[in-house]
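J.: Next up is a structure, given as structure tokens.
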Amino acid sequence: MNFDVWTFGLQAANFLVLVWLLHRFLYRPVLKVIAERQAATNKLTVDLKAEKAAAEAVRQGLERERAGIAKERDASLRAAREAADAERKALLAKAREEADDITNEAQKALERERADVLSALGQDAARLAVSIVRRLLRDAPAASLQERMLELVCKDVRSLSAEAKQQIAERVAADDGTVVVVTAARVDERGRERFAASLAKALGAPLSPAFKVDPKLIAGVEVGFPFTILRRAWSEDLKRIEAELGHDDGAPNVA
């Protein structure tokens, strides 16, 4: 094998030229493209991070606004409840005050009337009047007096507040609509039906009265509701008058 120095030199020169050409026209452009793409990638990454940070800031802002709205709503509801409670208490206080005024005025009027009667007739005359009234009521036609008392009881029911009527109606409905009606004398079937209809209309709810008789009421009527007992009877007033007169001087009551 012959080694030619010139041939080897020419091949080496060709190789160096090829390397220079590759470096000049291929490697540098490729590096440049790679650098540009790397820069673009870095820029995109930075932009994405900035957008993510902005989105996170917006989300946090929305969270703060939502929390602020919830607090404002709670504060508004609390203020509304407090205002309603204060108004309710004010109305109750006013109603109590008015009721106390009415009660005091009625008590004063009753005291004045009793003082006038006792002053005009004297205690003996008052006792005699009580005895006479009791006997007259016992001997009087029971139907007419009792019918009047039944009307007065219905009137008392109508005068109850709407809330009281509703509470009574609910409890009566729970007891199958049954209420106990006690009268001094027996009420006939027609009178029972008429009173049951009037009482149901006054209460605003269906009723099924169960009638009983108690002569001690003296022309009176007593209706037993779940929350209260409505009574219209001369016997109560006569007992009270006799007790007060007996307490004044210790004299025995006239029966």
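J.: Just to verify a result, which residue in the range 183-201, among those that are closer than 14 Å to Arg158 by Cβ and of a type in the set (A, V, I, L, M), is farthest from the chain's Cα centre (by Cα)?
T.: Among those that are closer than 14 Å to Arg158 by Cβ and of a type in the set (A, V, I, L, M), it is Ala197.
J.: Then there's this: How many residues, within the range 206-229, are assigned to a loop (DSSP other than H, G, I, E, B) and polar (S, T, N, Q)? It would help to see each step written out before you state the result.
T.: Going through the range 206-229, the residues assigned to a loop (DSSP other than H, G, I, E, B) turn out to be 206-207, 214, 218-220, 225-228.
Adding the requirement that they be polar (S, T, N, Q) leaves 228.
Qualifying residue count for the region: 1.
J.: Further question: Can you tell me which residue in the range 185-216 is surrounded by the most Cβ atoms within 10 Å (Cβ to Cβ), limited to those that are over 14 Å from Ala173 (Cα atoms) and touching a Lys or Arg at 6+ places or on another chain (Cβ under 8 Å)?
T.: Checking each candidate, the answer is Ala202.
J.: Output the residues belonging to the range 149-205 that are in a loop (DSSP other than H, G, I, E, B) and touching a Leu at 6+ places or on another chain (Cβ under 6 Å). Talk me through it step by step, then tell me what you get.
T.: First pass over the range 149-205, keeping only residues in a loop (DSSP other than H, G, I, E, B): 159-161, 175-177, 184-188, 204-205.
Of everything in the range 149-205, those that are in a loop (DSSP other than H, G, I, E, B) and touching a Leu at 6+ places or on another chain (Cβ under 6 Å) turn out to be Gly177, Ala184.
J.: Further question: All but one of (1) at pLDDT 80 or above; (2) surrounded by 12 or more Cβ atoms within 10 Å (Cβ to Cβ); (3) assigned to a helix (DSSP H, G or I) hold for Lys239, so report the exception by its number.
T.: Tallying (1) at pLDDT 80 or above; (2) surrounded by 12 or more Cβ atoms within 10 Å (Cβ to Cβ); (3) assigned to a helix (DSSP H, G or I), Lys239 fails exactly one: (1).
J.: Now, a different point. Please find, among Gln167, Gln146, Gln123, the residue that is at pLDDT 85 or above, surrounded by 10 or more Cβ atoms within 10 Å (Cβ to Cβ) and of a type in the set (S, T, N, Q).
T.: On the way: Gln146 fails: at pLDDT 85 or above; Gln123 fails: at pLDDT 85 or above.
Going through Gln167, Gln146, Gln123 in turn, the sole match is Gln167.
J.: Given Arg66, Arg28, Arg59, which one is more than 60 Å from the chain's Cα centre (by Cα) and basic (Lys, Arg)?
T.: Working: Arg66 fails: more than 60 Å from the chain's Cα centre (by Cα); Arg59 fails: more than 60 Å from the chain's Cα centre (by Cα).
Result: Arg28 is the single residue among Arg66, Arg28, Arg59 that is more than 60 Å from the chain's Cα centre (by Cα) and basic (Lys, Arg).
The values are calculated or read from the model by the stated rules, or taken from the named source; none is laboratory data. Everything quoted here is computed from the prediction, not taken from an experiment. Note that each Cβ is placed from the backbone with ideal geometry, even for glycine, and that neighbours are counted across all protein chains shown.
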